[in-house]
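Read-outs: derived from the displayed coordinates by stated rules, not from any lab. Predicted model only: the values in this text are computed from it and were never measured. All Cβ positions, even for glycine, are placed from backbone atoms using ideal geometry, and neighbour counts span all protein chains on display.
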Amino acid sequence: MKTRLHILSLPILAMIAISGCGSTKTDSGSKPDASTPSASSGTKTKIAFIPKSAGNPYFARLESGFKSSADQFGVEFTSQAPTTADATSQISVIKDQAQRGEEVIVLSPNSPDALNETLDQASAKGVVIITADADLTGNESHRSIGVLSCDFSTIGPEQVELLGALIGYEGEIAILSATSDAPNQNAWIEGMKKTLTDPKYSKMKLVEVVYGNDEPQKSTTETEALITKHPNLRGIIAPTSVGLAAAAQVLSQKELAPGAKNAKNGGLVLTGLGTPNELKKAVKAGTVAKFQLWDPADIGIVASYLGTQLRAKKLEAKVGTKFEIPGKGSFEIKDKNIVIAGKLVTFTKENIDQYDF
Amino acid sequence: MRRNILPGLLIVLVAVIGNRLSPNFLDFAYLRDSATLVAELGLIAVGMNFIITSGNIDLSVGSNMVLTACITAKFMVGGMPAPLALLLGVGIGTLLGWLNGVLITYFRAPSFLITVATMAMYRGAAKALLGPQSVKAPSGIVGIDTQTFAGLTIPLLILLVTASIGAFVMQKTIFGSWVVAVGSNSRTALYSGVPVARVVRTSYTLTGFICGIAAMLMLSRLGLARHDLAMGSELDIITIVVVGGTAIQGGAANVIGSLLAFILIALLRSVMGVANFTAEYQMTIIGILLIGMVLANRLPLKLILQKLRPKSQRAP
């Protein structure tokens, strides 16, 4: 009997032990977890970040904000993604991180309400809860502060200005959105329509809003239909990564961008919101001159700073509180304890290589 | 019993490794609460044992649990007294399980196909019912997972009791031996007078009943219901059953093994959680465990033992 147990247990023991050593990660501390008792972290604040899902470059960029500022703020940073992106998969991760002795949990929640009970239990243990990038909309009382990417009310005006400057504030334009029931998209489109009523943009005419459902195929078809239906179209705004990338593909194939072979009256200008990695090729080829997005690293930096301050009770999570982050500028805790971390970044041929997400 | 030595040993092993990897691991309250988070899966695994042993599969269990929780929450919000709604919830789960059994036996269709269909159907119905919204459960029924008795949380106690009853039914009753017979060879079973269709239907109904109980536990634990809960849980449940030593092709049950596998997997997840293994590693290790256990259950152990024994001890 003994022999049998040995045969079977040894390889499994070895596997577990090997994989364990390989993946234990403590990003700012150099020692592996096993030899770091929670008390020895000294004056450093232990912050854990829980993204929505694993292996997502967007969250990797957000984490880079934590990592780059860890020494400056005195943070021992770690991160742990849930194995799936479903509504409850972050529950066990929150519990595990609290058990590890993390002092601050920064979370990009997968659900606005399924985590309420778990977050309250962690708070009761003294863990500071901060949401980042996404919020517990309607359940804000279950976290102390929500750090969001940028002021969404600026997106409509900024996007219209970006396109306007590229087409000389004149001509027919269209919008390629995600789905017709996406709240953010609709708020941004509303902002664009309102901006277009400004006399500055009076010669820009919005001819159609189409929806690509955030599917590459549907976005491609919708873009092609736009081009056929409106032969005088001068510009398209696609405030969604999938749509922008798909539309860029269409423009590139049909060679319709300014300066390309089939460009008519100055060419068709495409802009919108998207991640640099998805648009790198189009920007370098000249199909897309400029587009925008916020930099998720800003969220990481602000959340990290707030974590240290809230933990040390140097800052109160109260509406109206103003604070200064060295090297980042001044911030304010707004309605529902929301802090806006940054502004839209305009990506061009010149700066796009500095971003990897 | 012998088949349960390996998972039992692995539990000890994982605990020892966990203790070495993180000083925060061996904390009874933490381990208990972590296991409670997945108690519903262990519970459904008891029912799944009967289905798999009878040579079938049920991929709709997670969707059943979610739809049942959604309907029940809706009734509670509509003003139905909580005890009545809870009973009704268990009834709905039972009904959804029974429907699987009826469709499979009536159409003589592969259970895989039927339950893939009902998996989509039940979850679709939950989404149609609630849309993207959550329905909050009345505060009176919330928090069963934090109540303890004899040191264990109520969901874990329910799991222990259910697994014990399940093991008894499987090993000591005529129904249990029918399930094994149907899974071994359904034709032979039919000719020997086993009511095959009824056995299959009963297995699904039983699992539905357990899904109903699990749904009520989930509702109480989360304090709400929404359509996208417990995504992919059917595969976690099947993993528990197979790691526990029940043969995926049917004909060999091990309910207690499933209970041990549940403890093993819950413990393993906690170790990986406190030691901060990345999500990718966690999934890989669970996968390795699954394959390792399947292989271990197939090894010709007697032969290997005989070869390894010193010559003097070998049987002539």
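Treat each spin label as a single point 7 Å out from the Cα along the C-beta direction, and report the B:Ile174 to A:Lys313 distance in nm.
A separation of 7.1 nm, rounded to one decimal place.
May I ask for the angle, rounded to the nearest 10°, between helix A:183-196 and the longest principal axis of chain A, with both axes built from Cα atoms and the value confined to 0 to 90°?
That works out to roughly 40 degrees.
Which order, highest average first, do A:214-225, B:140-151 follow once you tally other Cβ atoms within 10 Å for each residue and take the mean per peptide?
The packing order, highest mean first, is A:214-225, B:140-151.
For labels at B:Phe149 and A:Tyr169 in the simple 7 Å Cα→Cβ model, what's the distance in nm?
For the pair B:Phe149/A:Tyr169, the computed spacing is 7.5 nm.
Report Rg (one decimal) and Dmax (nearest whole number) for chain A, counting Cα atoms only, units Å.
In order Rg, Dmax, the Cα atoms of chain A give 23.7, 88 Å.
Using Cα centres only, tell me the gap between the stretch A:111-135 and the stretch B:43-91 in whole Å.
The stretch A:111-135 and the stretch B:43-91 have Cα centres separated by 28 Å.
Taking square-rooted eigenvalues a ≥ b ≥ c of the alpha carbon gyration tensor, is the protein assembly as shown rounded, prolate or oblate, where a/c under 1.5 means rounded and, failing that, a/b exceeding b/c means prolate?
Judged from the Cα gyration tensor, the protein assembly as shown comes out prolate (a/c at least 1.5, a/b above b/c).
If contacts are Cα pairs under 8 angstrom and at least 6 residues apart, what is the relative contact order of the stretch A:153-293 in percent?
After rounding, I find 25 percent.
Could you tell me the relative contact order of chain B? Use alpha-carbon pairs under 8 Å, at least six residues apart, and round to a whole percent.
Relative contact order here is 34 percent.
Going by the alpha-carbon gyration tensor, a ≥ b ≥ c the square roots of its eigenvalues, is chain B rounded (a/c under 1.5) or, if a/c is not under 1.5, prolate (a/b greater than b/c) versus oblate?
It is oblate, given that a/c is not under 1.5 and a/b is not larger than b/c.
Using helices alone, I'd like the mean residue ellipticity at 222 nm for the protein assembly as shown: each DSSP H run of four-plus residues gives -39500 (n - 2.57), total over residue count, nearest 500.
Theoretical 222 nm ellipticity from helices: -18000 deg cm²/dmol.
Output the DSSP H helices from chain B with an along-axis C-alpha extent of no less than 30 Å and a mean Kyte-Doolittle hydropathy no less than -1.0.
TM-like helix candidates: B:82-107, B:196-222.
What's the ranking of A:307-319, A:165-177 by average number of surrounding C-beta atoms within 10 Å, highest first?
Sorting A:307-319, A:165-177 by mean packing, highest first, produces A:165-177, A:307-319.
Report the Stokes-Einstein translational diffusion coefficient (µm² s⁻¹, integer) for the stretch A:153-293, Rh taken as the Kirkwood radius over Cα pairs, at 25 °C with viscosity 0.890 mPa s.
It comes out at roughly 169 µm²/s.
Out of residues 5 or more away from A:Ile236 or on other chains, whose amide H comes under 5 Å of its own, with H placed 1.01 Å from N in the peptide plane?
Placed amide hydrogens put A:Ala174, A:Val269, A:Leu270, A:Thr271 under 5 Å from A:Ile236.
Tell me the angle of helix A:216-229 to the major Cα principal axis of chain A, expressed in degrees between 0 and 90 and rounded to the nearest ten.
Value to nearest ten degrees: 10.
Would you kindly state how much longer the chain becomes between B:Ile165 and B:Lys127 on full extension, computed as 0.36 nm times their sequence separation minus their alpha carbon distance, in nm to one decimal?
Extending this stretch completely gives an extra 10.3 nm.
Would you mind finding the longest exposed-site-free stretch of chain B, with exposed trypsin sites (Lys or Arg not before Pro) meaning DSSP loop and at most 14 other Cβ atoms within 10 Å?
It runs B:109-313.
Using only Cα atoms, find the angle between the long axis of helix A:241-254 and the longest principal axis of chain A, and express it within 0 to 90 degrees, rounded to the nearest 10.
For helix A:241-254, the angle is close to 40 degrees.
Would you mind getting me the FRET efficiency between B:Tyr191 and B:Gln306? Use the beta-carbon distance for r and R0 = 41 Å, nearest 0.05.
0.65
Between A:Phe59, A:Ala341, A:Ala263, whose Cα lies farthest towards the positive end of the dipole of chain A when Lys and Arg beta carbons carry +1 and Asp and Glu beta carbons carry -1, centred on the Cα centre?
So the residue we want is A:Phe59.
Cβ under 13 Å from B:Val14's Cβ, B:Val14 left aside: what net charge do those residues give with Lys, Arg +1 and Asp, Glu -1?
Value of the local net charge: +2.
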